[in-house]
Amino acid sequence: MRRPVLPLVAAQGRSLGGTRVVELRQLRYFVAIAEAGHFGRAAERLNIGQPAVSQQIRRLERELGIDLFDRSPRHVRLTSAGEEFLREARAVLTAESRVLAVASRLAGEYTGTLRLGTSRGLGERLDAVLEQLARRAPHVEVELIGEPTRQRLDRVAAGTLDATFVRGTAAGPALRAVPVWRDQLVVALPARHELGSGTDVALRDLAGLPLRLVARRHNPVLVDLVIHACADAGFQPTPDEATGSLEDTLAAIGSGRPMWTVLYAAHADRLHAPRVAFRPLRGRPLSVTTAVCVRAAVPTPYLPLLLDACAAAAGHHDS
């Protein structure tokens, strides 16, 4: 049975009755260094001087009686004890955020601005989340930020966004992704095509049509999902050169050019494209997980509020 590294108590860095006591800020510094792999980069992320970070980590190691890092001029790596301690430190910081958020909620003090990044095509899901947020925290202003995924993730890591919605994207070592619902995919093909006249489409029936998808480097989860589903259906799709935006692809499909693509059902529901047929897949549907992404070390205190609103919105949408 594996024993936990140490009991952690947030106080002033002194021992109380034999219990090792550390400060929450020391845990934040430790997690930042572990994620950045460098004292200087961690100090930049924390917006404090590197000497202060190094001093607090030395104090933490003395208090704990263990070495957390293997240090060299070129890199900083976690020791085996440091790797185990990292899991516990992250758990403590997450618990701190939850405690503060619960205290604020119980006191009715959810105020300020929630800076929330959005993904394209969230549709009614986003409307429902915003409605639930307004009900639960009427004094919180929600600022929506629509930027490319990588930029939104970088802003969350830097602390200039509280959270962002992401679909099927690796969050990164400094971030934490919390799944909130799954978004179904639908097929888009020319409305005049014989397959566009039905209520749904079997994936194997699309084998003879070129497939136009976003480049894999931009959305590997989506591309791999579709390619593997085609393989399971017994064919390898014929690629069509993907140029321009999704709107350009839908315009080409609407012109009658024989091809197909996929997009999120929530997005398709908001589009007015009479020359494009949006059809669900017959049999096993394809879907991609949507997650709320926050900083791993110090997630926004709005996280419990946001997850609660997402759960309510997902339940209402799926009921």
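In the set L144, L161, which member is crowded, with 19+ Cβ neighbours inside 10 Å and either free of Cβ contacts under 8 Å to residues at least 24 places away in the same chain or not β-branched (V, I, T) (or both)?
Working: L144 fails: crowded, with 19+ Cβ neighbours inside 10 Å.
After ruling out the rest, the residue left standing is L161.
Taking the criterion of being in contact with a helix residue (DSSP H, G or I) (Cβ under 6 Å, 6 or more places away or on another chain), in a loop (DSSP other than H, G, I, E, B) and of a type in the set (K, R), would at least one residue in the stretch 278-298 satisfy it?
no
On the basis of being buried (at least 17 other Cβ atoms within 10 Å of the Cβ) and either part of a strand (DSSP E or B) or at pLDDT below 90 (or both), does L271 make the cut? Talk me through it step by step, then tell me what you get.
Values: buried (at least 17 other Cβ atoms within 10 Å of the Cβ): no; either part of a strand (DSSP E or B) or at pLDDT below 90 (or both): yes.
For L271, the condition - buried (at least 17 other Cβ atoms within 10 Å of the Cβ) and either part of a strand (DSSP E or B) or at pLDDT below 90 (or both) - is not met.
Just name the residue that is farthest from H193 (Cα to Cα) out of those in the stretch 205-225 that are in contact with a helix residue (DSSP H, G or I) (Cβ under 9 Å, 6 or more places away or on another chain) and not in a loop (DSSP other than H, G, I, E, B).
L211
Within the stretch 227-264, which residues are among the aliphatic types (A, V, I, L, M), surrounded by fewer than 19 Cβ atoms within 10 Å (Cβ to Cβ) and within 19 Å of D183 (Cα to Cα)?
The answer is I227, A229, L246.
Given the conditions (1) in a loop (DSSP other than H, G, I, E, B); (2) modelled with pLDDT under 75; (3) touching a helix residue (DSSP H, G or I) at 6+ places or on another chain (Cβ under 7 Å); (4) of a type outside the set (F, W, Y), which single one is not true for I66?
Result: I66 fails condition (2) only.
Out of A52, A34, I need the residue that is touching a helix residue (DSSP H, G or I) at 6+ places or on another chain (Cβ under 6 Å), at pLDDT 80 or above and in a helix (DSSP H, G or I). Which one?
Numbers: A52 fails: touching a helix residue (DSSP H, G or I) at 6+ places or on another chain (Cβ under 6 Å).
When all the criteria are applied, what remains is A34.
Can you report the number of residues in the stretch 108-132 which are in contact (Cβ under 8 Å) with a residue 24 or more places away in the chain and over 28 Å from H272 (Cβ atoms)?
Total satisfying the criteria: 6.
Out of (1) within 30 Å of L130 (Cα to Cα); (2) outside any helix (DSSP H, G or I), what's the single condition that is false for L250?
(2)
Could you tell me which of the residues R59, R87, R74 is outside any helix (DSSP H, G or I) and either surrounded by fewer than 17 Cβ atoms within 10 Å (Cβ to Cβ) or touching a residue at least 40 places away in the same chain (Cβ under 8 Å) (or both)? Walk me through how you get there before you give the answer.
Working: R59 fails: outside any helix (DSSP H, G or I); R87 fails: outside any helix (DSSP H, G or I).
Answer to the selection: R74.
Taking the stated definitions as given, is A265 farther than 30 Å from A32 by Cβ and over 25 Å from the mean Cα position of the chain (by Cα)? Outline the logic, then answer.
Values: farther than 30 Å from A32 by Cβ: yes; over 25 Å from the mean Cα position of the chain (by Cα): no.
So A265 does not fit the description; no.
Just one of (1) out of contact with any Leu (no Cβ under 9 Å at 6 or more places or on another chain); (2) buried (at least 17 other Cβ atoms within 10 Å of the Cβ); (3) not polar (S, T, N, Q) trips up P220, so point out which.
(2)
The values are calculated or read from the model by the stated rules, or taken from the named source; none is laboratory data. Since the structure is predicted, the reported quantities are computational estimates derived from the model, not experimental observations. Virtual Cβ from ideal backbone geometry, glycine too; neighbours counted across all protein chains shown.
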